[in-house]
1. With r as the distance between the Cβ atoms of residue 10 and residue 128 and R0 = 25 Å, compute the FRET efficiency 1/(1 + (r/R0)^6) and round to 0.05.
2. Of 38, 63, 16, which is farthest on the positive side of the dipole of segment 1-153, counting Cα position, with +1 on Lys and Arg Cβ, -1 on Asp and Glu Cβ, and the Cα centre as origin?
3. Considering only the other residues whose Cβ falls under 14 Å of the Cβ of residue 65, what net charge follows from Lys and Arg at +1 and Asp and Glu at -1?
4. If each of residue 108 and residue 20 carries a label point 7 Å out from its Cα toward its Cβ, how far apart are those two points in nm?
5. About its Cα centre, how strong a charge dipole does the chain have in debye, to the nearest 20, once Lys and Arg get +1 and Asp and Glu get -1 at the Cβ?
6. Extension gain residue 61-residue 153, at 0.36 nm per residue separation less the Cα-Cα distance, in nm?
7. Give me the net charge of residue 76's neighbourhood, meaning all other residues with Cβ under 15 Å from the Cβ of residue 76; Lys, Arg count +1, Asp, Glu -1.
8. Work out, step by step, the length gained on full extension between residue 51 and residue 84: first 0.36 nm times the residue separation, then minus their alpha carbon distance; give nm to one decimal.
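The values are calculated or read from the model by the stated rules, or taken from the named source; none is laboratory data. If you're wondering where the values come from, they're calculated on a predicted model, not measured in any experiment. FYI the Cβ positions are ideal-geometry reconstructions off the backbone, even for glycines, and counts take in every protein chain you see. Just so you know, the surface numbers come from the protein's heavy atoms only, side chains and all, with ligands and any DNA or RNA stripped out. Shrake-Rupley method; radii C 1.70, N 1.55, O 1.52, S 1.80 Å.
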Amino acid sequence: MNKQINELHASEVQLIYRSKIPASQRVQICSSADAHRLFLDHWDKDTIEHVEEFKILLLNNKNIVLGIATTSKGGTTGTVIDPRIIFQYALKAHASAVIFAHNHPSNNPAPSEADIQITKKLTGAGAMLDVKVLDHIIVCGDGTYYSFADEGKL
């Protein structure tokens, strides 16, 4: 049965973002090559060719990096990409823009149809939340990459 009102409890929800990098030391992203290098620096080189991961780069309105997060890890051929989880990070950090990245363990940087569809879905979700999606980069362990922005696919 329902509890009486004087016995109800509700969990407290906190939204916290803590930067460990002083504002004066944060880097600015000016190109897909900049973003690619930063993503690779934060990728586990031992698993990049074995496990697919999805990461998000959080940026302010001047494309200064606020942070980077891994939002999912999967298997050799895919990972779950949940827009609700992805944009929690962006909203928590007060990001004005984001760049997405995931790896292809096959070292083939060409986007799949699923990659194209999720990019459209995430771009639409970002537009609704006033968070601009600047790029989606597919990284490979051999150093190659594909940029949706560079290819005019955003």
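1. On the way: r = 27 Å, r/R0 = 1.09.
Between residue 128 and residue 10 the formula returns 0.35.
2. It is 16, whose Cα lies furthest towards the positive end.
3. On the way: positive: 20, 26, 37, 55, 62; negative: 34, 41, 135.
With Lys, Arg at +1 and Asp, Glu at -1, the net is +2.
4. A separation of 3.7 nm, rounded to one decimal place.
5. Details: 15 positive and 17 negative charges, 122 e Å.
Approximately 580 debye in magnitude.
6. Working: separation 92, 0.36 × 92 = 33.12 nm, distance 2.17 nm.
Answer, rounded to one decimal: 30.9 nm.
7. Details: positive: 73; negative: 44, 46, 49, 52, 53.
Net charge in that neighbourhood comes out at -4.
8. Working: separation 33, 0.36 × 33 = 11.88 nm, distance 2.21 nm.
Residue separation times 0.36 nm, minus the Cα-Cα distance, leaves 9.7 nm.
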